[in-house]
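The values are calculated or read from the model by the stated rules, or taken from the named source; none is laboratory data. Please read all numbers here as calculations on a predicted model, not as lab measurements. Reconstructed Cβ throughout: ideal geometry from the backbone, glycine too, with neighbour counts over all protein chains shown. SASA here: full protein model, heavy atoms, side chains in, ligands and nucleic acids out. Shrake-Rupley method; radii C 1.70, N 1.55, O 1.52, S 1.80 Å.
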Amino acid sequence: METSTGLAAPAADLSDPRFWQLPAPARAAAFAELRRLPAPVFFGDPATGRGFHALVRHADVVEASRTPAVFLSGPGVTTPEPPRWVRLVFGDSMVNLDDPRHAQLRRIVSRAFTPRLLGQVEEDIRRVATRLVDDVERRRPEDFVTSVAAELPFQVICTMMGIPEHPRRMILDQVNHASENIGVARPLRRRIRMPGRGLLALARMQGMVASIGRERRRRPTEDLISALVTADVDGRRLTGRELGAFFSLLLVAGVETTRNALAHGLHLLTANPEQRALLLADLDGGLGGAVDEIIRHATPIIHFRRTLAVDHELGGPGGPLLRAGEKVALFFGSANRDETVFPDPDAFDITRTPNPHLGFGGGGPHYCIGAHLARQEMKVLFRELFARLPEVRSVGEPDIVPSNFDHRVRSLRFTF
Ligand code: HEM
């Protein structure tokens, strides 16, 4: 492994699954070392070109995100990229597309995220959050993730989409099952068996959503599926297959991320009692800052990838050369600890101002479409939780799934 300027690189190998099983402080130290180098490090095999340049600084991740004609999202932003036949059968997800198809799809789905529709969703979020906290008081569950953190975003998206009650449990099981295995090193036996089961589940989910879509096209209601299948943008609306692909994307992009952010949030507010006291002293005034600081500190999505369309000098003429066809990985978590942007970056500080974190992406056309919704969900849930159960706290350490893709919390014990 070497840097793009040919200098020797540090010992940590981000392409080795074992790196992602190291304790968080060891990984953070490796990224701090990478940020100090003059150029991004290439991980992989330079002879075959298989591998990626690691973009670890705030400015580099922003540049790649905001120069989409050079840093392409196609053929895919996750590793490994989805096989071609999967994309043909299931449809492309917008996160993996470039213009003009990306812009076209994004214009259609953006209509579902207008302030008016999101205003209506606020009611749903409040209703679900109240019910979940009622349930916590009554049942006293042990695990925060399954009883609260995973439920809230899932129920909110299903309600937004207009998914009936009865298949929801099956869908949530499939989402948990499928996403548990993204970016995780697994024994070979499971690696071979997983895709079949995951794809079958995906096919079932997509078939179900497509049939709801056909129904809504005939008889539109107030839900998101109706908005998507009847929206007419540039003479286009979503096909059944695109609708299915979008729903799958929402489940993974919108449920998993928010679930992990909520779990990390409760843990951070337990591990930092002075910050918790600050928040509880002024819940309404402090929640906005707390939510963004949780997202910066926890960074639910670790990295997305881009592919170079043309040769490019990073940071301007004379900068490190990235060649057409090469891959880069945008390490959002590392950018969020960039000491040139965030003073004392490892500290959890809910009053941090400004807080230009890249937890929702580095800007540009793929910036998280659900950022506002995610913030709303986190604020409403934490307000409900801390107002009604001021003693609520996590117990012990979160059970983290080692992954190079997301900071997934499998379970987190809690009490109140
Ligand atoms: C704390 C919660 C969340 C985090 C940390 C998060 C993070 C991200 C990140 C890092 C990206 C990629 C941005 C880029 O490449 O520039 C993204 C894209 C996306 N997110 Fe989120 N997200 C969250 C919640 C949500 C929610 C609630 C939804 C929807 C209900 C959502 C839907 C999407 C979609 C559809 C994209 C792809 C956008 C595109 O390609 O144009 N996300 N998100």
* In nm, give the distance between the simple-model label positions of S147 and Q21, each being 7 Å from the Cα along the Cα-to-Cβ direction. => 3.2 nm
* Only loop residues by DSSP count here, and only those with at most 11 other Cβ atoms within 10 Å; note down the GluC sites (Glu not before Pro) in the range 339-394 that meet that. => E391
* **Two-decimal log10 I(q)/I(0) for the range 324-373, as the Debye equation yields it once each C-alpha is a single scatterer, q = 0.26 Å⁻¹** => -1.09
* Structure fact -> Ranking T221, S65, L172 by how far each Cα lies towards the positive end of the charge dipole of the chain (+1 on Lys and Arg Cβ, -1 on Asp and Glu Cβ), the top one is T221
* **log₁₀ of I(q)/I(0) at q = 0.18, 0.21 Å⁻¹ - the range 290-416, Debye sum with one point per alpha carbon** => -1.19, -1.44
* To do: Please work out the average accessible area per residue across the range 202-312, using the 1.4 Å probe convention, and give it in Å².
  => 36 Å²
* **the chain - Kirkwood radius from inverse mean 1/r over Cα pairs (Å)** => 22.3 Å
* To do: Provide the FRET efficiency to the nearest 0.05 for the A281-A47 pair, computing r from the beta carbons and using R0 = 56 Å.
  => 0.45
* Structure fact -> Taking R0 as 22 Å and r as the Cβ-Cβ distance between A59 and A29, the FRET efficiency 1/(1 + (r/R0)^6), rounded to the nearest 0.05, comes to 0.55
* Asked: Between A324 and H372, 0.36 nm times their residue separation minus their Cα-Cα distance comes to what?
  -> 13.8 nm
* Using alpha carbon centroids, what distance separates the range 91-151 and the range 270-305, in Å? -> 19 Å
* To do: Compare the peptides 161-172, 141-152, 206-217 by average per-residue count of other Cβ atoms within 10 angstrom and give them in order, highest first.
  => 141-152, 206-217, 161-172
* Structure fact -> Cβ-Cβ cut-off under 12 Å around A69, Lys and Arg +1, Asp and Glu -1: the net charge is 0
* **Segment E397-A203, length gained on full extension (0.36 nm per residue, minus Cα span)** => 66.2 nm
* Structure fact -> Answer in debye to the nearest 20: the dipole magnitude of the chain about its Cα centre, from +1 Lys/Arg and -1 Asp/Glu charges placed on Cβ, is 1560 debye
* Asked: Stretch E122-E215 to full length: gain in nm at 0.36 nm per residue minus the Cα-Cα span?
  -> 30.9 nm
* Asked: Normalised by the number of residues in the chain, what is the relative contact order in percent for Cα pairs under 8 Å and 6+ residues apart?
  -> 25 percent
* Asked: Picking from T230, T270, T114, which is most flexible by a Gaussian network model of the chain using Cα springs under 10 Å?
  -> T114
* Asked: Most mobile of P273, P320, P402 per a Gaussian network model of the chain (Cα springs, under 10 Å)?
  -> P273
* Asked: Which Cα, out of A39, L117, G235, lies furthest along the positive dipole direction of the chain (beta carbon charges, K/R +1, D/E -1)?
  -> G235
